[in-house]
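Notes follow the structure.
The values are calculated or read from the model by the stated rules, or taken from the named source; none is laboratory data. These numbers were taken from a predicted model, which means no experiment stands behind them. A quick note on method: Cβ atoms are made from the backbone with ideal geometry, for glycine too, and the neighbour counts reach across all protein chains shown. Side chains are part of the model used for accessible areas, which takes the heavy atoms of the whole protein and leaves out ligands, DNA and RNA. Shrake-Rupley method; radii C 1.70, N 1.55, O 1.52, S 1.80 Å.
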Amino acid sequence: MKAPLTDCLVGNDMKSYYDFIIIGSGVAGLSYALKVAEFGSTAVITKKTETESNTNYAQGGIASVMSPDDSFDNHLKDTLDVGSGLCRPEVVETIIKAGPKCIQRLMDIGVEFTRTAENNELSLGREGGHSYKRVVHAADLTGREIERALVAACHNHKNIEIFSNHIAVDLIAFDFEGRRMCGGVYAFNPQNQDKLTVRAGITLIAAGGVGQVYRHTTNPRIATGDGLAMAFRAGADVANMEFVQFHPTTLSLVGKKTFLISEAVRGEGGILRIKNGEAFMERYHPMKDLAPRDVVARAIDAELKNSGDDTVFLDIRHISAEFIKTRFPNIYINCLEAGIDITRDLIPVVPAAHYMCGGVVSDINGRTGIDRLYVCGETACTGMHGANRLASNSLLEAVAIAEIAADDAIKKFKSGEPPEPPEVKFPHPGKTNMPRERVIVIHNRRELKRLMWDGVGIVRTSYRLEDAAEKIELIRHSAERYYLTHSLSYPSIELRNMAAIACLIIEAASMRKESRGLHYTLDYPDRDDANWKKEMVMNLKGNCQWHDSMS
Ligand code: FAD
Ligand code: SIN
């Protein structure tokens, strides 16, 4: 065990050193924790409660080839088709082939997936872009069931400590013998205002997505891109930031919180209609309502712009009420509470920001360009999703890469002692202006979310991107100044990260002069493989490099 460094300030509970430290308690962080904890002390830092994560809200399920009618080749083809030429095929193949093992591992941990009444086999759903039924699920509460089982298993592990209501602020990053190195995390505990410096042998970022940078999103409040922003500040490469996925169908009722209506509802026969009853998706794609998500989201956007209506409608009134209540109990109850009986009423729906396909560049082992820093889950860009993610492939990717990354991290951990950072200094000057000016942070957060929704949304133009860039750059400056001159708080830490992420999305979107996958611009409406079949990789030094795609 390492001795604490002299200027480490450590809170009541956290130790000054762990063999493995993990930022995030979603499916990626907890799956990895359960493996590495066999080999050393493991701390999980998580921003809110243990279960609060994108994972906890996942509905549709986890894609894996489970039926003899299906094949790995089919799943591979569907993933590459949806990824629009930017997936890394060898990564996709590895993850897809790991699918059945990942499902088994989750069941071994205690996850109870839905089984068929006929023969007690795993029930398989279908979603957009999939050519076969292959989505393993726990009714429409798949994420909650996975999170429940993982948290319980972590509680039962003697080497795992979970610190909820602790926020990671930045990584302890330094140069060592010509390499960039990670030696742990700077974190903040708002309950006692402690600034924590926690050293670690190996650090994993599994801090989830960025949906909160948009005004309308399926993501919970924790999804502010913290992991991505802190890895970028530490010197890691990020890629594919222009590819933000918008989910086509979220419940749209004035004054009600955004609530996802799973794509599995269309998988069971749900039909999208405009106000006059027309099933419009057949005008847009041969797969109609089960076309890839980008196509459906853009079709809805076009219909709304055309008609001036506020919503389109999802229709499942032709499906038996009994089936709906068993297959989608959570959606049924949530809609009922909002005044919509989905067995009898049309469901008003609009798209909302859902998933970040880009992220911190990592290889198939979850390694980043920074030594001793791993990444997995939604924060990572492994090459699995390319320019667009196939439905239910993200839980699969998170579990598969967490397993592989854990094996690699264990080897790294056993290979020798981590080097000492030359200095550890909390990345905040300690100025403690009381946060009298909170209104600035609240206003900026709201403004940023609106600007991103209006200017960097489903359909983009160069003019709108430029306008958003100018305005959000001002917010970024304001957020940074506030962060440095006021005592630490969740809102200021988050806004600093959200502004950094928004700038990266806009920069990447502005540079891609074509439309591909989730990036669609009216100025360059066609896909241009000759010039743009490339990933854009960005880093703190201001380098933007285009890497040719192999798919
Ligand atoms: P998360 O589950 O988001 O976990 C991130 C963790 O990091 C959280 O614990 C968070 O609190 C913590 N954290 C964040 N920042 C910090 C910080 N600064 N300090 C400390 N902790 C921090 N995918 C599918 O494959 N199938 C589906 O059916 C599906 N349905 C979805 C439905 C909804 C409504 C949403 C929002 C997403 C859905 N997705 C689905 C996507 C999928 O759920 C996520 O991509 C996946 O769960 C991400 O897992 P993760 O572990 O990477 O991140
Ligand atoms: C859904 O249930 O529609 C979400 C699935 C996903 O995001 O993969």
Residues of the stretch 516-537 satisfying the condition of being open to solvent by less than 10 Å² (accessible area, probe 1.4 Å) and out of contact with any Cys (no Cβ under 8 Å at 6 or more places or on another chain): Arg516, His519, Thr521
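For the stretch 333-375, give me each residue that is outside any loop (DSSP other than H, G, I, E, B), more than 16 Å from ligand 1 (Cβ to nearest atom) and closer than 17 Å to Ile205 by Cβ.
Arg367, Asp371
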Positions within the stretch 38-61 being more than 22 Å from Pro491 (Cα to Cα) and more than 16 Å from ligand 2 (Cβ to nearest atom), in sequence order: Glu38, Phe39, Gly40, Ser41, Thr42, Ala43
One residue from Glu378, Glu403, Glu303, Glu322 being in a helix (DSSP H, G or I) and within 13 Å of ligand 2 (Cβ to nearest atom): Glu378
The lone exception for Leu196 - which of (1) part of a loop (DSSP other than H, G, I, E, B); (2) more than 16 Å from ligand 2 (Cβ to nearest atom); (3) in contact with a strand residue (DSSP E or B) (Cβ under 7 Å, 6 or more places away or on another chain); (4) closer than 21 Å to Asn497 by Cα it fails: (1)
Scan of the stretch 95-129 for residues that are touching a Leu at 6+ places or on another chain (Cβ under 8 Å), at pLDDT 95 or above and under 17 Å from Val265 (Cβ atoms), ordered by number: Thr114
Residue within the stretch 387-404 that is more than 16 Å from ligand 1 (Cβ to nearest atom) and open to solvent by less than 10 Å² (accessible area, probe 1.4 Å) present: yes
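Residues are listed down the side, and each one gets a yes or a no for (1) more than 13 Å from ligand 2 (Cβ to nearest atom); (2) at positive phi:
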{"position": "Asp226", "(1), (2)": "yes, no"}
{"position": "Ala231", "(1), (2)": "yes, no"}
{"position": "Gly235", "(1), (2)": "yes, yes"}
{"position": "Ala239", "(1), (2)": "yes, no"}
{"position": "Phe243", "(1), (2)": "yes, no"}
{"position": "Ser252", "(1), (2)": "yes, no"}
{"position": "Gly255", "(1), (2)": "yes, yes"}
{"position": "Leu260", "(1), (2)": "no, no"}
{"position": "Ala264", "(1), (2)": "no, no"}
Residues (open to solvent by 10 Å² or more (accessible area, probe 1.4 Å) and within 13 Å of ligand 1 (Cβ to nearest atom)) located in the stretch 233-245: Arg233
Residue selected from the stretch 246-291 under the condition part of a loop (DSSP other than H, G, I, E, B) and open to solvent by less than 20 Å² (accessible area, probe 1.4 Å), by the criterion modelled with the lowest pLDDT: Ala291
